[in-house]
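The values are calculated or read from the model by the stated rules, or taken from the named source; none is laboratory data. Small disclaimer: the values here were computed from a predicted structure and weren't measured. Every residue, glycine among them, receives a Cβ derived from its backbone with ideal geometry; neighbour counts consider all protein chains shown. Only protein heavy atoms, including side chains, enter the accessible area calculation; ligands, DNA and RNA are left aside. Shrake-Rupley method; radii C 1.70, N 1.55, O 1.52, S 1.80 Å.
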Amino acid sequence: MAFAPMGPEPSFFDALDRHRASLLAMVKRGAGGTPAGVTRVASRFEDSVGLQVIPQCTTRKIKSDSPKSIKKFALILKILSMIYKLIQSNTYATKRDIYYMDSQLFGNQATVDSIVDDISCMLKVPRRSLHVLSTSKGLIAGNLRYMEEDGTRVQCAWSASATAVPSNIQGMQNLITDAKFLLIVEKDATFQRLLDDNFCSRMSPCIMVTGKGIPDLNTRLLVKKLWDTFHIPVFTLVDADPYGIEIMCIYKYGSMAMSFEAHSLTVPTIRWLGLLPSDIKRLNIPKDSLIPLTKRDQMKLDSILRRPYITYQPFWKKEMEIMADSKMKAEIQALTFLSSDYLSRVYLPNKLRFGGWI
C-alpha cells in the first residue's frame, strides 16, 4: 500500500538525493561524519561512533564489607536479582516499574536509574539486554509504518496526531518508509506547530521526530534504528542557543553518561539544518526578538567549543563563534516575526531544497 498524500515534485528533492548518495558512499567506505578521533580523559571520540569509554578509564569499587558502600552493594544485588527474573521469564520492565517493586528500599527513582546504568556498563551490554526499558517521552510522525512486538500495526502517516515512540525499539519489526529525510525537532511545541501546519503532508515523504528537549534513550534508539535501516539523511531543527546545540550533539555524538553504549545510540551523519545563528542576521530578525546570552549560556557554549569533535566541524564552530560574538541567542519561534507559518512554508522547504544544512 502506497503512502499518502503526495508532496512536492520529485525535482524538489534533488539536493537531498545527492546528499543521500554521498552518505551511502561514506557508509560503503566505512567512514563516519568527521575525521579521525581524539582521546579525552574519560572518553574517546571516534568518527564513526561518537563518544566512547576508553578501555583504561577510572573505575569505582563497591565492596560488600565496606560500611560506606554496603547499602549500594545490597541494592545492586537486589536489582540484579530482578533483572535475572525478567530474563528468565522473558518479560520486560521499565526503570519506573523496578522502583515501585520496592520503593521504600530504593528511596527514589534516581537511585534505580543510576544502578541500572552501572550494571549495564559493568556487564558491557545495552540496557535492553537486561530487559529493562525506559519510559518513552518522544513522538514520531510522517511516512513510516511498522509492527510492534505484540503484532500491533502502527501507521504513523495516517494518525490524526503524532505516535508515541515505542518503549521497546528492538521489538519494532517490518519497518517501511519511502521518506526522503528524517527531521529531528528539539521542542515539542515546534513539533506540534509543524504538525498543525501539515508539514509532513506538504513535505511528504518524510519522517519527523521529537525527544521533547533532551532526548530519552528510546528516542535516540529510534533515530539510530531508522538511520541503520534506511540510511536516509537526518537533520536537526534546534534553537540557536547553546542548549539546542547540546541536544543536537547528543543525537550526533552521544553523551558522557551513555558513552559505553555509543555504538547503538549515535548517528554521526546528522546535519544541522537550523536555526543557525547566521540565519538571524541573514533574515533580519529584529533584536527585540532575540535573547541575551546568560553567564550560564556562555559557559555552556565555551564547553562545547572545547570538545574534540568541534575541531572537525568548522562550519558548526563558525556558527557558535557568531553566537559568542553577538552575545545573543534565538528560539525557533523568533521566525514568527516574518510570518506565523514562515518556518513550515518558507524556511524549512528552502533549506531542504537548496541544501542549507551544515
Scope segment 110-156; condition within 18 Å of THR177 (Cα to Cα), open to solvent by less than 30 Å² (accessible area, probe 1.4 Å) and in contact (Cβ under 8 Å) with a residue 24 or more places away in the chain; matching residues = LEU139, ILE140, ALA141, GLY142, ASN143, LEU144, TYR146, CYS156
Restrict the check to segment 321-337 and report whether at least one residue is surrounded by 16 or more Cβ atoms within 10 Å (Cβ to Cβ), part of a loop (DSSP other than H, G, I, E, B) and over 22 Å from the mean Cα position of the chain (by Cα).
-> no
Exactly one of ILE207, ILE232 is more than 25 Å from GLN313 (Cα to Cα), more than 12 Å from the chain's Cα centre (by Cα) and at pLDDT 95 or above, and that one is ILE207
All but one of (1) at pLDDT 95 or above; (2) in contact with a helix residue (DSSP H, G or I) (Cβ under 8 Å, 6 or more places away or on another chain); (3) surrounded by fewer than 17 Cβ atoms within 10 Å (Cβ to Cβ) hold for PRO242, so report the exception by its number.
-> (3)
How do the pairs read when you match residues in segment 192-209 that are more than 25 Å from LYS225 (Cα to Cα) with residues anywhere that are open to solvent by 10 Å² or more (accessible area, probe 1.4 Å) and part of a loop (DSSP other than H, G, I, E, B), using Cβ under 6 Å and keeping only pairs 6 or more apart or on different chains?
-> ASP197/ASP341
When residues of segment 171-208 are filtered for being under 18 Å from TYR251 (Cα atoms) and in contact with an Asp or Glu (Cβ under 8 Å, 6 or more places away or on another chain), how many remain?
-> 2
Search segment 293-321 for residues that are among the acidic types (Asp, Glu) and pair each with any residue that is part of a helix (DSSP H, G or I) when their beta-carbon atoms are under 7 Å apart and the residues are at least 6 apart or on different chains.
-> ASP297/PRO242; GLU319/PRO277; GLU319/SER278
